[in-house]
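The structure appears right after this line, and notes come after that.
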Amino acid sequence: MGEQSSEMEIVHLLRKVTVEFGLRQAEFASRNGMHPTDVRALICLLDTERAGADATAGWLGAQLGLNSAGTTAVVDRLERLGHLTRTRDPRDRRRVLLAVDPRAVELGWAFFGPLIENTVTVLRDFDESETAAVRGFLSAALQAVTAIP
């Protein structure tokens, strides 16, 4: 095969990184008696919590592309494993809010902590403009991937 463009080289590197992340997520799920969708659900809930937003089962199902039965199965499984809690919304008692249990966060850090720390160490070697370029590229790449129907 011929030479590949620098853009394609970056696309292939990004693919390799995402595949490795996926493999680590699958390993985490397997080690902890979870389905890979359970890990995706926890990630969605953690991201939402970091953003200061509320998460309901309906919202989570939409994020995961699951119907109501599939969402209920994920939520029930994660609750049974002690990874999430359901509480009534104090502002609207009809709504049930989902939250990741602190024990699940600890479990995640025990497994993913070294990967995160290694990545942060790499980023610390970048100057401000390089960090901004990485952030800009990853944000644009995410938009490009999520824009595909």
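The table below lists the values:
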item: Flag for Glu3 being assigned to a loop (DSSP other than H, G, I, E, B), open to solvent by 40 Å² or more (accessible area, probe 1.4 Å) and farther than 19 Å from Glu106 by Cα; result: yes
item: Condition check for Gln63: open to solvent by 70 Å² or more (accessible area, probe 1.4 Å) and in contact with a Cys (Cβ under 7 Å, 6 or more places away or on another chain); result: yes
item: Count - residues of segment 47-60 that are under 21 Å from Pro36 (Cβ atoms), open to solvent by less than 80 Å² (accessible area, probe 1.4 Å) and in contact (Cβ under 8 Å) with a residue 12 or more places away in the chain; result: 3
item: Test: residue in segment 82-96 that is modelled with pLDDT under 95, within 15 Å of Glu49 (Cα to Cα) and not in a helix (DSSP H, G or I); result: yes
item: Single condition Val96 does not satisfy, out of (1) open to solvent by less than 70 Å² (accessible area, probe 1.4 Å); (2) within 16 Å of the chain's Cα centre (by Cα); (3) not aromatic (Phe, Trp, Tyr); result: (2)
item: Any hit, segment 51-62, residues being modelled with pLDDT of 95 or more and more than 18 Å from the chain's Cα centre (by Cα); result: no
item: Exclusive hit being under 30 Å from Leu13 (Cβ atoms), under 19 Å from the mean Cα position of the chain (by Cα), surrounded by 12 or more Cβ atoms within 10 Å (Cβ to Cβ) and not hydrophobic (A, V, I, L, M, F, W, C), set Gly70, Gly108, Gly113; result: Gly108
item: Residue within segment 107-114 that is assigned to a loop (DSSP other than H, G, I, E, B) and either over 27 Å from Glu27 (Cα atoms) or touching a residue at least 40 places away in the same chain (Cβ under 8 Å) (or both) present; result: no
item: Residue selected from segment 6-44 under the condition among the acidic types (Asp, Glu) and surrounded by 11 or more Cβ atoms within 10 Å (Cβ to Cβ), by the criterion farthest from Gly61 (Cα to Cα); result: Glu9
item: Count of segment 73-88 residues which are buried (at least 17 other Cβ atoms within 10 Å of the Cβ) and on the phi > 0 side of the Ramachandran plot; result: 0
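The values are calculated or read from the model by the stated rules, or taken from the named source; none is laboratory data. The structure displayed is predicted, hence computed values, not measured ones. Positions of Cβ are generated from backbone atoms using ideal geometry, with glycine treated the same way; all protein chains shown enter the neighbour counts. Each accessible area value is taken on the protein alone, full model and side chains, heavy atoms only, with ligands, DNA and RNA left out. Shrake-Rupley method; radii C 1.70, N 1.55, O 1.52, S 1.80 Å.
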